[in-house]
1. Hey, among the residues in region A:375-434 that are crowded, with 22+ Cβ neighbours inside 10 Å, at negative phi and in a loop (DSSP other than H, G, I, E, B), which one's farthest from the chain's Cα centre (by Cα)?
2. Is there a residue being closer than 24 Å to residue B:85 by Cβ and in contact (Cβ under 8 Å) with a residue 24 or more places away in the chain anywhere in region B:377-386?
3. Name every residue in region B:442-499 that is over 26 Å from residue B:361 (Cα atoms), assigned to a helix (DSSP H, G or I) and either more than 13 Å from chain A (Cβ to nearest Cβ) or without any contact (Cβ under 8 Å) to a residue 40 or more places away in the chain (or both), in order of residue number.
4. Out of (1) over 30 Å from residue B:395 (Cα atoms); (2) crowded, with 20+ Cβ neighbours inside 10 Å, the odd one out for residue A:223 is which?
5. Among the candidates A:187, A:177, single out the residue that is within 10 Å of another protein chain (Cβ to nearest Cβ) and closer than 14 Å to residue A:243 by Cα.
6. Is it the case that region A:680-690 has a residue that's within 10 Å of chain B (Cβ to nearest Cβ), modelled with pLDDT of 80 or more and surrounded by 11 or more Cβ atoms within 10 Å (Cβ to Cβ)?
7. For region A:152-174, name all the residues that are farther than 18 Å from residue B:451 by Cα and at the interface with chain B (Cβ under 9 Å from one of its Cβ atoms).
């Protein structure tokens, strides 16, 4: 076995080791923490590149590209539970992406967090996150994946609540953990079920893994008592975990709140990597997801994949609609992330692994670029996050502006030159030809229009016109800002507020260089997956990738491409019409779109009241159930016990009464004997516990001697 | 063959310690504490020797000692351990020093306090090693006495009531159990667990009991069931199963925290141990007969206690309910194992998983709950006894190390993978899901609610803005950190390499699950 396959565990282990060392080191050793985290990440990146090269080499020599290494973890009964890691094209691509983006964000964080008191803790958590995330990627066992998955959730919790003295950050961290855990509980049960049915949790194990043919066909052959195919049931339970982690409807509510964390965290965890873990999970267990018993195998889609598609399309549309009416620069991006994750799910559902994964990879680059750009903007504006109080930053922060524009155009899917175009177009094309329904295509296309619109709105607000950041104005308007935007100021200001307030400025080069590198990738990556040269798709699917410009004209490719181009341009145009035509003058002016229908706009601004709805239903229900349980405890269970006790006492008193007044005979004698006994006993019951204990000890000694003596016989 | 009486020695070590402390008196408090700790550490070392010498693949009991005691009544002094007994001995030996360290600041009647703790330890050791009902029951009952005084004399303001409730409650259960065993004894003339188990497996036990009792009013099935319920009640109160649990929150919260550690860490396992050692081998058919209600009791225990924990504002009450919740998973696992006793080979793997999961969960809960209460004790020590959820806020700013380490213990309690709590829960769910699907699915709700209240504790106590009162709260001292290292280290070790435990108990788990086969 190749060296890199055998030692693939080093890729996650190094960052975890770095986290462990910096957790034990002194709190002030800033340089140590940052250099450990960045150094370990750099080595992991190099190892990932080696792994990637190894897969490429195998591919070019025509060998199977999937290699794994399994080991025994623990024994129960007569079997061993094995874990392992796997190196295949999917792993390789994800490894390179996560280590590379992670490395850039680590470097950026050195600048962004430079003045934070808990600088060290930050890098410790970041490194732990990176290790766990890489663990998710290389796992060859659903159990190991789940374990890393939960640790990823823990680090997300810790980093969202990083500025823990801010109650909103603390609440957001808790919310994120709990909402994702709601998805993880069915996932956990799915694992238990899968283990019971297939007898293994390994993905691949020379034909014995559950993603391999024999196990899948075994799962397909079984049905539950309710008539659901076991494979479908398990697949949907596993998908629940992905819904929670990837912020899919209806569990998307935690992701916008997660923006309370420092911006590099939003970029790394809540845009590029962790939230994509759900998509990755679906891609990883794709053989199970897509398993179905249809006779015409090529024509039907499994129930699980239909669920994935529908959830994905709803999420794509929902996120885009809500993003239109947000004013917080990071919240716009958060809803955009939700929407794009929906696209990825949809892509997996309608097109397969390569379609969804291609968008995952391109999105990771341009969305982390956008978040880091937003971080640079916030940094430059001394912690301001409300786009109404920005404006005119294009001139003041040129590098941030240009790179942000690249990211924005990539996200919108600007035709031909930006990566987002190719990856999104592929999803739309697959949706267009989907055999179940056309609705996902139209939902996706409309969401694309909205994407172009809300991104141009944001860019016009932030970078165009003239600056609306006056200190007085900012302070004044802060009270007026949307409730969800309040409180951000305090948090990010702590990190970034070391400059003279008021004058926006370009960020230091430790922050801008990562921006430029990411921008380059946001431009170029798309060319790895064009229809003419679908290298990426063929790499994941294991098929040859010839250069064929004729592919553009086949299979309805051109109409879809043209229509999505038109949609993007239309969205940008509408954005310009509303926000770019006339410069926005005042931070207090109502939103130009909001003027059309204030009620709808404010409903969108409040994210369609999902939080309020959940608060009134699930949260309320939990509180009520907690009270009921407590009440049951205090009054019903304990009440029953008390009743029994009092009944017994009542009988005792009754007995006593009868004794005194009815059963008179021998009363005096009894009385005397009782009093004699009482005197004797009262000597014992002097209330001196030492007295008691001496008796207990004495009895014990006697008892022990007796015991030993008897034992000898 | 004459071998060294390891187990009797182990049981006697704390007894000797208690006598020494009582003789010494409380004049030199420091000396008393150190002597008590030394004895408990010595017991721990002895247990580790046993752990080392234990043969992990041998059938039956090891380190057995057998002596006739009351020959006329056929009562023997018989002790021995299998994997489960050994695991519980180790747990007790770990938990008791933790409880002592958490009681370090106790000032009144120091020698008596530590003597009672050691005496309690001896009783727990005795319960986990006895193989004859006669002295098993003596230890079981005797353990109530030190626990009662520990709660009553060193507890909070309502401790007298809580201690009395604890005593009477468990006593009622014990008396019911004693009745059942006297009935069994009358029929079989033996108290030996192994002999009784053999009788039960060959199907002779209950018919013999029924014919001896000869109660005309009841059918044989009902008589057998009555005998079972007597024994069941004793253990159900001890575990506890809802609705037999109302003594627990009061007792745990009123007891001095050092005692709470021993109650939850070691004593709460006595009930589960009884289920595994006595009820399963003897009353399998009866349990199977009423399995559905039993399962609902387990589910109610898991879910209601988690919800009840959510409603509490006293840290000790929260984790008292959390304890009930965690042991509820063990009950679920045990009942799941009972469900199919036939020769269905496909399900044996699940039964092995659930049984191992129960063992591991028992140990892990003991370790984690003890550590969590330890942190609460340290918090109380620093804040003059405050432990309300709303008394604090933002403590992380002033006590970062405390927060970090307690966070690890809390996440272990939450079942985070990589820490010890996860392994037991995973194995129990893995085994129970195919056996009792619906009960397991509903119980999974407990995992979610646990996360909610544990994160709630973290949020309320350590996050948010720091109150003026706590600005000078001292962080953990070096000594405290060093004493915490073994407990925290063990959490990581068992989370990452559970084979440490499973390698020792697996064989016993297999035997226990297989013995159920032959009804």
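1. That would be A:397.
2. Restricting attention to region B:377-386, the residues satisfying the condition of being closer than 24 Å to residue B:85 by Cβ are none.
Looking through region B:377-386, none of the residues is closer than 24 Å to residue B:85 by Cβ and in contact (Cβ under 8 Å) with a residue 24 or more places away in the chain.
3. B:459, B:468, B:469, B:478, B:479, B:480
4. (2)
5. Values: A:187 fails: within 10 Å of another protein chain (Cβ to nearest Cβ).
Only one candidate qualifies: A:177.
6. Quick first cut of region A:680-690, residues within 10 Å of chain B (Cβ to nearest Cβ) only: A:689-690.
Filter once more, keeping what is modelled with pLDDT of 80 or more: none.
No, region A:680-690 contains no residue that is within 10 Å of chain B (Cβ to nearest Cβ), modelled with pLDDT of 80 or more and surrounded by 11 or more Cβ atoms within 10 Å (Cβ to Cβ).
7. Of region A:152-174, the ones farther than 18 Å from residue B:451 by Cα are A:162-168.
Scanning region A:152-174 gives A:164, A:165, A:166, A:167.
This table checks each residue for (1) under 16 Å from the mean Cα position of the chain (by Cα); (2) within 19 Å of residue A:134 (Cβ to Cβ).
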residue	(1), (2)
A:209	no, no
A:230	no, no
A:245	yes, yes
A:259	yes, no
A:262	yes, no
A:268	yes, yes
A:280	yes, yes
A:293	no, no
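The values are calculated or read from the model by the stated rules, or taken from the named source; none is laboratory data. For clarity, every value in this text was computed on a predicted model and none was experimentally measured. Note: ideal-geometry Cβ built from the backbone for every residue, glycine included; neighbour counts use all protein chains shown.
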